[in-house]
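Enquirer: This is the structure, below, for whatever I ask next.
The values are calculated or read from the model by the stated rules, or taken from the named source; none is laboratory data. Predicted, not measured: the structure shown is a model, and the values here were computed from it. Cβ placement follows ideal geometry from the backbone for every residue including glycine, while neighbour counts extend to all protein chains displayed. The protein model used for the area step is the full one, side chains on, heavy atoms only, and it has no ligands, DNA or RNA in it. Shrake-Rupley method; radii C 1.70, N 1.55, O 1.52, S 1.80 Å.
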Amino acid sequence: MQTRLRPAIAAIGLVLALPFTAASATTPIFDAHLHYRPAVIETFGITDVARTLASNEVRSAIVMTPDPALIRRLQAGTDTRLVPFLEVSQRLGRKMDWMHVEDLGERIATMLDASEIRWQGLGEFHILADDRFAPGFEQLLDLAVARDLTVMIHGDPAVIDHAYATHPEVRILWAHAGSYAYPPLVRDYLERHPRMHMDLSMRNPRINPGGTIDDDWFELFLDHPDRFLIGVDTFTAHRWQQYTQLKDETRAWLRQLPEDIARAIAFENGERLFPAH
Ligand SMILES: [Zn+2]
């Protein structure tokens, strides 16, 4: 039924192209994948971040950082509501092998308790399938469940399956819709793991090849509109400088969705999962 619906929606989109575009340009954004790290601040300062987020209608954002002081400075300097995630692997200087750090759970707990920041998540954590049985990963999941923190995972499908086999309650945000972002695989994981959500950062070229939204992604968004979030993934100063362009590439496919679904993915899902306190 969704497939048959689509040409009608596309036709409406053409007819209404002008007003639809104008309305969508002001749709607020919840950006689910920002990084702000000490190395970036010299090139792209607090005022640059504040101006960039404001001019792009970013009302709220997950900001991942190893440094609580940066969260405090950003919170003081921007009107965007920040959802802070502690970037543990950056803090430890162990991007790919953090799960082999001894007593990782205790070390993360100490980091969380050392500042008055109200951390709402942990990550981003890069992890390959072979590392899913490491004790550090289990300790991370234990801690996330105990403290009701969301874990941002950049990793293989087997990692997600293992996490839910051992910790069914854990809340995972699967970065970039996973390592193999193919709609049939994504759909399968969404249906099997109801507490997992997907961040779509870095996936604009797959979702919107040549400027037309891919049919399989389109149907996936219509079938699971409450499970996706967007993000720009500002892992370098250069990505921060390109923010407006990258975000516009995301808006280019959001505009091709029915407006309520675009609004859910762009903004409302993030607000519901990480409400203001
Ligand atoms: Zn990232």
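Enquirer: In nm, to one decimal, how far is the Glu106 label point from the Asp214 one, both placed 7 Å along Cα→Cβ?
Expert: Reported label-point gap for Glu106 and Asp214 is 4.5 nm.
Enquirer: Name the residue, out of Asp248, Asp223, Asp130, whose mean-square fluctuation peaks in a Gaussian network model built on the chain with Cα pairs under 10 Å.
Expert: Checking each option, the largest mean-square fluctuation is seen for Asp130.
Enquirer: Mind checking the full-extension length gain between Gln241 and Val145? Use 0.36 nm per residue of separation minus the Cα-Cα distance, one decimal, nm.
Expert: 31.0 nm
Enquirer: Once a ≥ b ≥ c are taken as the square roots of the eigenvalues of the Cα gyration tensor of the stretch 31-102, is the result rounded (a/c under 1.5), prolate (a/b larger than b/c) or oblate (a/b not larger than b/c)?
Expert: Prolate, because a/c is 1.5 or more and a/b exceeds b/c.
Enquirer: I've got another one for you. Rolling a 1.4 Å sphere over the protein heavy atoms, what is the accessible area per residue of the chain, to the nearest Å²?
Expert: 44 Å²
Enquirer: If packing is taken as the mean number of other Cβ atoms within 10 Å per residue, what is the order of 227-234, 41-48, highest first?
Expert: Listed from highest to lowest mean packing, they are 227-234, 41-48.
Enquirer: Let me ask something else. What full-extension length gain, to one decimal in nm, is calculated for Glu169 and Arg195 as 0.36 nm per residue of separation minus the Cα-Cα distance?
Expert: Length gained, Glu169 through Arg195: 8.6 nm.
Enquirer: I need to check one value: relative contact order of the chain, counting alpha carbon pairs closer than 8 Å and at least 6 residues apart, in percent.
Expert: The value is 21 percent.
Enquirer: Please report how far the C-alpha centroid of the stretch 143-203 lies from that of the stretch 91-111, rounded to the nearest whole angstrom.
Expert: After rounding, the separation between the Cα centres reads 20 Å.
Enquirer: Percent of accessible area on the chain owned by carbon and sulfur, 1.4 Å probe?
Expert: 54 percent
Enquirer: In addition: Of the options Leu86, Ala50, Gln120, report the single residue whose Cα projects farthest towards the positive end of the charge dipole of the chain (beta-carbon charges: Lys, Arg +1; Asp, Glu -1).
Expert: Ala50
Enquirer: What dipole magnitude, in Debye to the nearest 20, does the chain give about its Cα centre under +1 on Lys/Arg Cβ and -1 on Asp/Glu Cβ?
Expert: Computed about the Cα centre, the dipole is about 680 debye.
Enquirer: Moving on. State whether the chain is rounded, prolate or oblate according to the following rule on the C-alpha gyration tensor (a ≥ b ≥ c being the square roots of its eigenvalues): a/c under 1.5 gives rounded; otherwise a/b larger than b/c gives prolate, and the remaining case gives oblate.
Expert: oblate
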